[in-house]
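Input: a single structure, listed below in structure tokens.
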Amino acid sequence: MTLSPLAGKPAPPSILVDVPRLVTAYYTGRPDPAVPAQRVAFGTSGHRGSSFDDAFNEAHILAMTEAICRHRRAQGIDGPLFLGIDTHALSAPAFATALEVLAAHEVEVRIDADGGYTPTPVVSHAILTHNRGRSDGLADGIVITPSHNPPRYGGFKYNPPTGGPAEADVTAGIEKTANELLAEACGTVRRIPYERARKAPTTRPHPFRQRYVDDLSSVVDCDAIRASGVRIGADPLGGASVAYWDAIRERWGLNLDVVNREVDATFRFMTVDGDGQIRMDPSSPPAMARLVALKDRYDVAFANDTDADRHGIVTRGQGLLEPNHYLSVAIAYLFAERPRWPAAAAVGKTLVSSGMIDRVAARLGRKLVEVPVGFKWFVEGLLSGALGFGGEESAGAAFLRRDGTVWTTDKDGIAPNLLAAEITARTGKDPGEQYRALTAEFGSPCYTRIDAPATPEQKERLKRLSPESVAAGALAGEPIRATLTRAPGNGAPIGGLKVVAESGWFAARPSGTENIYKIYAESFRDRSHLDAIVAEAQQIVGRALVS
């Protein structure tokens, strides 16, 4: 991808979203279910789209919420539904629409007691806390967020009673019902006016922030962070964690500065991402340029995306850590410093995450569970304690409480950020220094991800590839050890291809939301070897796409 001349610079007025027009389009747009891009489509984390494209309009929210109500009834889910939103412009109108439908179905809905924003991990924590020890009256949740996507987007995801992203059979059923409702112009959707929905006896306030913040010491050593006096900088990136970091500082007595408390649906305070768009991605150097510029003020600094399910760690010596680097550090630290975790608890990673994690897991003597992209693959393992940690290369992770029981089964960007402070406090070395120690032990890998255009037909061909589709016997001069179309950890289809050699690998998979495919590659030798892997990967994938 060619770097935009705007990358890393303050967002100019010319690229700011027109919020009034965006919200108007939410109500006036009429999606055509005959157009695939305007139908409900659950990717790896819910449905996402823009009202400007008739891909996230009131009709979509009516249909999806009605479908979820029908799913709850069919599955006998009759406990509370925890409803959270982030700070994107389309989240508030979608919240109102969803509540109208939920109240019409007399679903007991829990909304933020302060009328604020609720991060994804906080909804997961609330679901699991309610369901602990229960076999009936189980809770589930909806989070209205497009995650780190640009301001023009909206998003909507469902978390069942397991607390994390719903499995494919659940989302497929909801998607099917929702699209049937779209086809009939939502004529059978039940709803009541918003004013009645807010006052309904089934709509109840919930102290999301207090419950989550008070419980944080069960997953991170807040006392050690406080006692050390580690200087911390936190940037919510204008997202749902905006009120949480002050609450965390006050509750746990941390030496923590919130570097920006601004909430603005245009996100005009952001620096521009590499492709010239505003994107609240805490793993992107251009988007994180402002916080990186403050790195010398703090012992460790960090940020979250808009629904706080992703983390971004900044240190003095390294600047912004690559997500794979911090995942490796977190795993090395946690499995050594959590003596109450189950002895058999494994390390979970997506198959496009760094091989450094494999080496760390081997040194720890822990089983490695390698799964397809999507955090839903970690839910059951985290819930049962079979996994101590689940992480993905896009800066998403969750791990067990200090006593070895489940914390969240969805990605939690807040806890990994605080873990960076714990690591710094207890070891005297920040995560950047810890990663340098790992490279001294295992070598210094080079990693990249490249996006390339692909038609819908080509994306389908890529999903259907078999190991026999790869005729090559070598990758960048090394014999190919494995050609995978199913994940080693659970045998699930990866929706693409992974090719592995002794000191490098690549994976290719189609995007679930855009007409592109992605190539991930890594070398444990050097940059020229990585370049050779990428070049051969493009040739292998190119041949497969035209065959």
* Take the residues of region 27-52 that are of a type outside the set (A, V, I, L, M, F, W, C) and farther than 15 Å from Leu182 by Cβ: which is surrounded by the most Cβ atoms within 10 Å (Cβ to Cβ)? -> Ser45
* **From the options Gly238, Gly163, Gly173, residue that is closer than 25 Å to Met288 by Cβ, touching a residue at least 12 places away in the same chain (Cβ under 8 Å) and surrounded by 14 or more Cβ atoms within 10 Å (Cβ to Cβ)** => Gly238
* Of the criteria (1) surrounded by fewer than 21 Cβ atoms within 10 Å (Cβ to Cβ); (2) more than 20 Å from Leu438 (Cβ to Cβ); (3) touching a Leu at 6+ places or on another chain (Cβ under 6 Å), which one Arg401 fails -> (3)
* **Given (1) over 21 Å from Tyr212 (Cα atoms); (2) surrounded by 24 or more Cβ atoms within 10 Å (Cβ to Cβ), number of the condition Arg297 does not satisfy** => (2)
* Structure fact -> The lone condition Ala482 fails out of (1) surrounded by 14 or more Cβ atoms within 10 Å (Cβ to Cβ); (2) at pLDDT below 95; (3) touching a strand residue (DSSP E or B) at 6+ places or on another chain (Cβ under 6 Å) is (1)
* **Selected residue (criterion: modelled with the highest pLDDT) from residues of region 501-547 that are farther than 19 Å from Ser353 by Cα and among the hydroxyl-bearing types (Ser, Thr, Tyr)** => Ser528
* To do: Look through region 248-267, keep the residues that are in contact with a strand residue (DSSP E or B) (Cβ under 8 Å, 6 or more places away or on another chain) and not in a strand (DSSP E or B), and return whichever of them is surrounded by the most Cβ atoms within 10 Å (Cβ to Cβ).
  => Ile248
* Go through region 138-162 and give me each residue that's assigned to a loop (DSSP other than H, G, I, E, B) and either of a type in the set (Ser, Thr, Tyr) or not assigned by TED's automatic domain parsing to the domain that holds Thr24 (or both). => Thr145, Ser147, Thr162
* Asked: If you check Thr448, Thr485, which single one turns out to be under 30 Å from Val300 (Cβ atoms), assigned to a strand (DSSP E or B) and in contact with a helix residue (DSSP H, G or I) (Cβ under 7 Å, 6 or more places away or on another chain)?
  -> Thr448
* Asked: Name the residues in region 425-445 that are touching a helix residue (DSSP H, G or I) at 6+ places or on another chain (Cβ under 7 Å), buried (at least 17 other Cβ atoms within 10 Å of the Cβ) and not aliphatic (A, V, I, L, M), would you?
  -> Asp430, Pro431, Gln434, Tyr435, Phe442, Pro445
* Structure fact -> Being buried (at least 23 other Cβ atoms within 10 Å of the Cβ), more than 21 Å from Thr171 (Cα to Cα), modelled with pLDDT of 95 or more and among the hydrophobic types (A, V, I, L, M, F, W, C) narrows Ala59, Ala103, Ala113, Ala92 down to just Ala103
* Given the conditions (1) under 26 Å from Ala139 (Cβ atoms); (2) part of a loop (DSSP other than H, G, I, E, B), which single one is not true for Val230? -> (1)
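The values are calculated or read from the model by the stated rules, or taken from the named source; none is laboratory data. What you are looking at is a predicted structure, and each value in this text was computed from that prediction instead of being measured. As a convention, Cβ positions derive from the backbone with ideal geometry for all residues, glycine included, and neighbour counts pool all protein chains shown.
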